[in-house]
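Take a look at the structure below.
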Ligand SMILES: O=P(O)(O)O[C@H]1O[C@H](CO)[C@@H](O)[C@H]1O
Ligand SMILES: Nc1nc2[nH]cnc2c(=O)[nH]1
């Protein structure tokens with residue numbers, strides 16, 4: 001946890017390749033599975049699982065719903081596409097350094113992936129994006145990046161990488177197009193998918209109502225505690241990125257608060273008063289919705305991989 005990245009990535013790549021059959025050694029697509037979304041491995045063929053603890057430089061995920069395993073296999077119809085999936089990711093709130101959080105993305109890039117499909121569980125800030133919707137992310141808003149918590153801060157891992165990375169094209173239009181076409185092919189209801197902007201926050205606290213309103217007003221549709229660091233590292237490594245957020249809950253953003261001062265005045269005047277009960281979100285709820293809807297997300301991912 002919070003460990004520094006090794007000076008060379010070779011040790012990690014060697015440890016991985018050593019246990020892989022030749023047909024899986026050069027995966028074409030990387031997948032990152034968000035909270036409760038690791039089931040995709042069930043549709044891989046020729047699966048090889050490597051625990052993170054066996055890979056130098058990898059940390060361990062401590063969050064329920066996140067395994068600590070790298071899965072290799074073939075995905076899709078016909079011969080299948082060689083893929084690598086992170087069954088469980090690292091979040092800064094667990095105490096992992098930002099360089100540890102993005103380390104697996106860099107290793108997947110060294111292994112040769114060209115495209116990365118990043119999934120997450122997220123809270124909706126947009127009343128027209130209900131729980132269960134899969135949001136194809138078109139942009140992000142990262143307050144931590146803007147205020148000095150950026151995984152690309154510091155010495156570069158390679159002189160070949162760009163020092164000043166543009167992010168105006170971070171989310172591949174070509175891959176997003178494939179997602180919508182895949183949804184059409186799978187005959188998903190039009191409302192199953194939406195497009196939106198992901199706000200990255202550090203967590204581990206969920207948003208206060210005021211924070212929810214703030215994020216909504218500055219243009220975010222969903223909010224979560226992951227993904228953006230991975231997107232930045234992936235873009236720095238030259239990968240094409242697509243992000244699918246599964247909405248697991250609404251962020252509670254009441255526009256008006258009931259005044260407790262007025263409630264007490266009413267109580268003192270002899271009225272029966274019931275204090276407002278705030279709705280609260282829990283990780284158990286996030287995982288439950290994840291479990292319910294993971295099937296659709298996985299089919300979508302498989303179909304996109306098939307169409308690459
Ligand atoms: O983004 P993923 O890893 O899917 O998980 C989301 O769910 C957790 C909170 O319930 C946070 O870690 C948040 O980021
Ligand atoms: N920050 C944040 N992360 C989440 N992950 C899943 N739901 C939420 C949420 O409501 N807020």
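Since every read-out is calculated from the coordinates, none of them should be taken as a lab result. Fair warning: this is a prediction, and the values are worked out from it, not measured in the lab. We place every Cβ from the backbone using ideal geometry, glycine too, and count neighbours over all the protein chains shown.
The table below lists the values:
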quantity: Label-point separation in nm, residue 259 to residue 185, each point 7 Å along Cα→Cβ; calculated: 5.9
quantity: Beta bridges per DSSP with both ends in the chain, % antiparallel, nearest 5; calculated: 35
quantity: Highest-MSF residue in the chain out of 223, 281, 136 [GNM, Cα springs under 10 Å]; calculated: 281
quantity: 0 to 90° range, to nearest 10: angle between helix 173-185 axis and the chain longest Cα axis; calculated: 80
quantity: Three-way shape call for region 1-130 based on the alpha-carbon gyration tensor, with the a/c threshold at 1.5; calculated: oblate
quantity: Relative contact order %, region 1-110, counting alpha carbon pairs below 8 Å whose residues are six or more apart; calculated: 35
quantity: Order by protection proxy (mean Cβ within 10 Å, highest first), peptides 54-67, 12-25, 30-43; calculated: 30-43, 54-67, 12-25
quantity: Förster radius 41 Å - calculated FRET efficiency between residue 139 and residue 22, Cβ distance, rounded to 0.05; calculated: 0.55
quantity: Most mobile listed residue (180, 164, 72) in the chain, GNM with C-alpha springs under 10 Å; calculated: 164
quantity: Label-point separation in nm, residue 128 to residue 308, each point 7 Å along Cα→Cβ; calculated: 3.2
quantity: Within a Gaussian network of the chain (alpha carbon springs, distance under 10 Å), most fluctuating of 262, 236, 79; calculated: 262
quantity: Degrees between helix 98-111 axis and first principal axis of the chain (Cα, 0 to 90, nearest 10); calculated: 40
quantity: Gyration tensor verdict on region 73-147 (Cα atoms; rounded if a/c is under 1.5, prolate if a/b is larger than b/c, oblate otherwise); calculated: oblate
